[in-house]
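Some notes on the structure that comes next.
Every number here is computed from the coordinates shown, using simple stated rules; none is lab data. Since the structure is predicted, the reported quantities are computational estimates derived from the model, not experimental observations. With ideal geometry, Cβ positions are generated from the backbone for all residues, glycine too; neighbour counts draw on all protein chains shown.
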């Protein structure tokens, strides 16, 4: 897992967000510590250190590490007595919140998040008063972030158990160190929200004919390059087709859209390493290039090494090379069994076959997209914002979130509103029935959550002096009119 | 090799007494009748037509050598020509001169099909003057000149009637000129030059068929193909003037297929009355005694046979490697349907790399023709609805030729068997089905539900539920009617219900259960529907599994494995007890 220079942001340092009064400072939630342990590795007294497989920050004194791990163990053991199958998932304290997750038998991952706080200066040189806002963060959001950490590790390394089998504790700790050292730097706990809970996939809206053309392209490539086992197709960082199973695609999508694509688009935007220099394959111009593997095929020193990923296969895992190839805004991921060694010849063949076709498809999609946009009318700033999620196909859509970059995901609404969305989502999670919740926020906003079948829709409306009935009518109207082109995806 | 003969003589030739010193044989192109005149008619004239109705036998007085003999249409009047300047009608009739034209004529050709006569004029004979006969009138058409390879000096007759033929190809009248090679004119091989003769307007040189050889040739037209027989090599070539050659100048054509001889033909020894045990002797093909008539007639006077020439399509499949070109060729042939469908099956057998682009090309070509037919049909229907009074000429209902291969043809003869075939990867099956659906969509043809069912069945059989969801998401597996613009859930659950119905109707009970579980709908489905389907299969283990599945569901939802009365599963409970006994039923868990 690689991190772009722009994406590095030291965890633990709080970022003042908003000054509400004179010199009053607000601090967002931040990562205090993150550790992984296995109680069965050091069961005897004096051997406790052996349990610890990874600890961040690494400069914490040994005994403190042991104490913290011991505390977690104790809490989990203690809560088991109440419900043996569901031990504690989180521990709330005034200053921080701890999250526990056991992804594999006896392997525990713990994440400690410092609660957001407000620092109020005092007169007469007295030290400032600190007010912890312990109710401001949501278990669902950070629990999901923790599970995502594990999924991402597993995508690139396989399970903990696999590393243990291959090289024992030594190999596992090496892998954990290598992966999490970088990955934790990319966690932006201050901007985690409902979308992390969903872990959804944004699908690119497309007409049937263009979609079928993409199908045809994928099938032809898989037929001519028989090494390719799975293909995924994205446009504008949105998914169009996945040959991978849903859960694997979910995490791969997360990696592509929050790490790989932003890392490559930033130099593009900066004008460096311009991709707009077309390659010539035969007599066809194309804009295709590898985002993983060789940066330049013509370089005699080019390396043909690709990242390896692990995907589910019945009861075991399958290890694959991940080739990501992009032409303009269209990206195709080709996955090939890791047992095959990829050569220059193969990459050249792929480049000359896929490059021209993908370039053509990308411009087709772009054209079709513009036609559809013209039909649906000019972009007006709508009077509402929404998040939609479908549990069945993981389709998500948000008009609240701006473009995601490697460093931050920006939202266009106040964090208080985001918190309300999260709360509504927690309420929904408690019951199976279809529900609708309407909340009047402190400001002029109304927040409406609808859950029906496997779908959730959250709408934020800004309507002064509206009453409950009017808001309800408004949302009904929106569902009937505005959402037809959003829901056309499912 | 015998599979490569793509031309054949018909099985039921017209037989007549072979030509001899006492028996003269005449052929009338208009009525397609053969006249066998024995001893100038004194010992009998036997007339044989294409079918028995046209066969007549009579005697007439021998008044000298018969030069030509013909019946009028319907065998009403017989005309006999014995001298170069007189024609005798045996029945006494009067003949009236309707119109006359005075031209010096070298020779003439008549095309009965279009009632056009072509006169060779001028000294060289290469200026041709056509006349059209229509309802008792004769109208002069514009004359045209055939380009001769060499202009002789001094001028002399240089265009022979043997080198000119008239025929209708794709509904248009053409004058075909067999242009022999000439050393002096720098034309290394012979060619056939086609002049298009429209009803109105000037005649234009339109196509050149390259023969790539020299020698004696004869022409036929079969199924809109120009067939060129080459005597010395005893082979024939076929040309399709609608097939465009990418590497040739416009309207210059190479043979569609390599030269092959007509399929060997055996003549029963005893002649007309066939005795099964009688050995047959091979017939000498391309014999110098053959006479060739338009459009598709070959007569062997010495053996007493008249054949119709036919094109056999199956051998062409292996001779034409380019499948796109093969489809272009086949789609224009009369009896093409089964051959086209067999080609489709054949390319799907492949398994060779790069067959998908070929499959796509073939589907696109089929659907192009299919779409044209659907459009013509629609135009016709609209015209009929708007009333026959509008538009002076009554609209003709479009003819559905064999080239119209619709979805049901593809499903029945190709796709259904293909998806069942063992050893074909499901990836390829899905790719092919999607390619067909893509092609139909491209031509804006509404996809029939049974094609979607094939896709769904294949996906479910291989547990590819996520792919299925994605297809549903992009409406690839829905009909092309405007989408219901409402909240998403009713529509999606309708799609799910439909899929379940499809799977149950195909007896894919477990597949249906797995599917509904994958969409999270298994808590709400009707158990009865699944149990009915499972019971109908007669598979006891399947019934057991499904029954157990729902008992467990009941247990989970209601804490009791029993079915509610509202679910109407009483008969299934009885059936289950009969099969597996009372004790096999799940008991409510005791607290």
So the angle from the long Cα axis of helix B:355-385 to the longest Cα principal axis of chain B, reported in degrees to the nearest 10, equals 80 degrees
P(r) over all Cα-Cα pairs of chain B, 10 Å bins from 0 to the longest distance, whole percent per bin, short to long, reads 3, 12, 17, 18, 15, 11, 9, 7, 5, 2, 1, 0, 0
Here the relative contact order (percent) of chain B, from C-alpha pairs under 8 Å and at least 6 apart, is 8 percent
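Over chain A, calculate the relative contact order: mean separation of alpha carbon pairs under 8 Å at least 6 apart, over the residue count, as a percent. Walk me through the intermediate numbers first.
Values: 757 pairs, mean separation 60.8, N = 490.
Relative contact order here is 12 percent.
Please state, rounded to one decimal and in Å, the Kirkwood hydrodynamic radius that segment A:25-192 gives when every pair of distinct Cα atoms enters the mean of 1/r.
Details: mean 1/r = 0.0583 Å⁻¹.
Kirkwood hydrodynamic radius for segment A:25-192: 17.2 Å.
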So what's the Cα pair-distance distribution over segment B:495-584, bin width 10 Å, in %? 17, 53, 28, 2
Normalising by the residue count of segment A:384-483, find the relative contact order in percent from Cα pairs under 8 Å and 6+ residues apart. 26 percent
Relative to the longest principal axis of the C-alpha atoms of chain B, give the angle of the C-alpha long axis of helix B:527-537, reported between 0 and 90° and rounded to the nearest 10°. 50 degrees
Could you work out the helix-only [θ] at 222 nm for chain B, with each DSSP H run of four or more residues adding -39,500 (n - 2.57) and the total divided by the number of residues, to the nearest 500 deg cm²/dmol? -9500 deg cm²/dmol
Using only the Cα atoms, work out Rg/Rh for segment B:102-261, with Rh taken as the Kirkwood radius, to two decimals. 0.96
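Any chance you could tell me what percent of the C-alpha pair distances in the protein assembly as shown go past 41 Å? Numbers along the way, then the final one.
Working: 354536 of 583740 pairs.
Across the protein assembly as shown, Cα pairs with separations above 41 Å total 61 percent.
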Please average, across the residues of B:466-472, the number of beta carbons from any other chain that are within 10 Å of each residue's own beta carbon, and give a whole number. 6
Ascending count of other beta-carbon atoms within 10 Å, so fewest first, for B:85, A:208, A:213: B:85, A:208, A:213
Got a sec? How would B:196, A:401 order by Cβ neighbour count within 10 Å, fewest to most? B:196, A:401
Report the full-extension gain for the segment residue B:517 to residue B:501: residue separation times 0.36 nm, less the Cα-Cα distance, to one decimal in nm. 4.3 nm
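Kindly provide the helix-only [θ] at 222 nm of chain A, computed as the sum of -39,500 (n - 2.57) over DSSP H runs of four or more divided by all residues, to the nearest 500 deg cm²/dmol?
Details: 11 runs with 169 residues, N = 490.
Roughly -11500 deg cm²/dmol at 222 nm, from the helical runs in chain A.
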Percent antiparallel among DSSP beta bridges with both residues in the protein assembly as shown, to the nearest 5? 100 percent
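Can you give the average number of partner chain beta-carbon atoms within 10 Å of each beta-carbon in peptide B:429-440, as a whole number?
3
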Order by neighbour count: B:497, A:207, fewest other Cβ atoms within 10 Å first, most last. B:497, A:207
Please list log₁₀ I(q)/I(0) at q = 0.11, 0.19 Å⁻¹ for segment B:1-125, using the Debye equation with identical point scatterers on the alpha-carbon positions. -0.52, -1.19
Sort A:464-470, A:239-245 by packing, meaning the average of other beta carbons within 10 Å per residue, with the highest value first. A:239-245, A:464-470
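Please label the shape of chain A as rounded, prolate or oblate, based on the square roots a ≥ b ≥ c of the eigenvalues of the alpha-carbon gyration tensor (a/c under 1.5 means rounded; beyond that, a/b larger than b/c means prolate, else oblate). Before the final figure, lay out the partial values.
Values: a/c = 1.76, a/b = 1.15, b/c = 1.53.
Taking the square roots of the gyration eigenvalues as a ≥ b ≥ c, chain A is oblate.
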Between segment A:142-185 and segment B:14-41, how far is it from one alpha carbon centroid to the other, in angstrom? 97 Å
Between 0 and 90°, nearest 10: helix B:540-558 axis offset from chain B longest Cα axis: 50 degrees
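Pull out a ≥ b ≥ c, the square roots of the eigenvalues of the alpha-carbon gyration tensor of segment A:120-232, then state rounded if a/c is under 1.5, prolate if not and a/b is larger than b/c, and oblate in the remaining case.
Working: a/c = 3.77, a/b = 1.61, b/c = 2.34.
Oblate.
Ranked from highest to lowest mean number of other Cβ atoms within 10 Å per residue, what is the order of the peptides A:346-359, A:62-75? Don't jump to the answer; show the numbers that get you there.
Numbers: A:346-359: 19.7, A:62-75: 15.3.
Sorting A:346-359, A:62-75 by mean packing, highest first, produces A:346-359, A:62-75.
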Compute the distance from the alpha-carbon center of segment A:38-53 to that of segment A:101-121, in whole Å. 21 Å
